[in-house]
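Data first, discussion second: the structure below is written as structure tokens.
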Amino acid sequence: MKIGFTPLIEVSNLLFNNNYNNNKIYLKLENLNPSGSIKDRIINHILEDAEKNNLINQDTTILCSSSGNTGISLAMISALKNYKSIIFTDKKCSTEKKNIIKSYGSKLEVIEKDYDFYERIKEKELVNSFCIDQYNNTLNTKAYIETLGPELDNQLNDIDYIVCTGSTGGTFTGLGTYFKQIKNYNTKIVFGDPYGSIIYNEIKKTNIQDPYNSIIEGAGKKRITSIMNLDLIDYIYKISDEEAIQMCKIMSQNGYLLGGSSGLNIITAIKMIEDLKITNKNIVVICPDAGYRYISKIYK
């Protein structure tokens, strides 16, 4: 099964009709991974490490707290490898994502509160279990350092800005570590934060009260996870659901059916261009997942 090596597509003319201060925007289409999201990278990485170190076997129950995409990735790979898995999510998770998880044969539990801690609670009840623990597992970050970072580096020379959002923090921390610390490039990390998330306030050292909690999944967080390195974020912008969803619909009508976090990231890139008045730059936008997972929420 081939994970990664997803296309990097320039969409500057689609977004701006003509050159927008000669900037070039590229979409990294992570929706084209086998299960439909960027999370295949971390699940594959974590399970391969567990197998290598004899932490799991065919009798192990693999536990995963997830807003949906990591759960789908685990459910798919569990089906391929004949592992047992239980996914814990919350009510925000779309109907489509919940149905996909169950279709792969994994057990799904919808938790009322603090679902991201629940796999550790369940671990105590099961004799032979293994926690993915994506919010604290450094292999989450390592997966992006070892796969997504080098891929982008090979696909495009001189990446000036990488635009992404995050919930666990693995993507921006991994990419920031690769481009800034390992390669010592001058690449800037730009973060799109939805309403209801505290990441903007943590970066800006403010206490702005958001007017609502976003419906966009897999973006933003109510707490800072242990694997987040906020120092790697150079610029951060608050993005509304209306802006993100409108961009999703624009992209779908041009042939790209993307998830809400992708629309959020694209809008973030446009705001960043306008705010910083940048010219002649290469901007990579991470598109984490596919839009078919959100038909009932953002494409209805």
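Could you check the stretch 1-87 for helices (runs of 4 or more DSSP H) lying wholly inside it with 1 or more residues that are of a type in the set (D, E, K, R) and under 15 Å from Asp289 (Cα atoms)? Walk me through how you get there before you give the answer.
On the way: elements: 12-16, 40-52, 69-81.
So the answer is 40-52.
For (1) in contact with a Lys or Arg (Cβ under 8 Å, 6 or more places away or on another chain); (2) assigned by TED's automatic domain parsing to the domain that holds Pro288, each residue gets a yes or a no:
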{"site": "Tyr26", "(1), (2)": "no, yes"}
{"site": "Asp49", "(1), (2)": "no, no"}
{"site": "Cys64", "(1), (2)": "no, no"}
{"site": "Ile72", "(1), (2)": "yes, no"}
{"site": "Met76", "(1), (2)": "no, no"}
{"site": "Ser85", "(1), (2)": "yes, no"}
Test result for Asn254, surrounded by 15 or more Cβ atoms within 10 Å (Cβ to Cβ), of a type in the set (S, T, N, Q) and assigned by TED's automatic domain parsing to the domain that holds Thr187: no
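What do you reckon, is Lys222 assigned to a loop (DSSP other than H, G, I, E, B) and among the basic types (Lys, Arg)?
Working: assigned to a loop (DSSP other than H, G, I, E, B): yes; among the basic types (Lys, Arg): yes.
Answer is yes for this residue.
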Filtered residue count, the stretch 95-137, keeping only those that are more than 25 Å from Ile224 (Cβ to Cβ) and either in a helix (DSSP H, G or I) or of a type in the set (Ser, Thr, Tyr) (or both): 11
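The values are calculated or read from the model by the stated rules, or taken from the named source; none is laboratory data. Values in this document were obtained by computation on a predicted structure and should not be read as measured data. We place every Cβ from the backbone using ideal geometry, glycine too, and count neighbours over all the protein chains shown.
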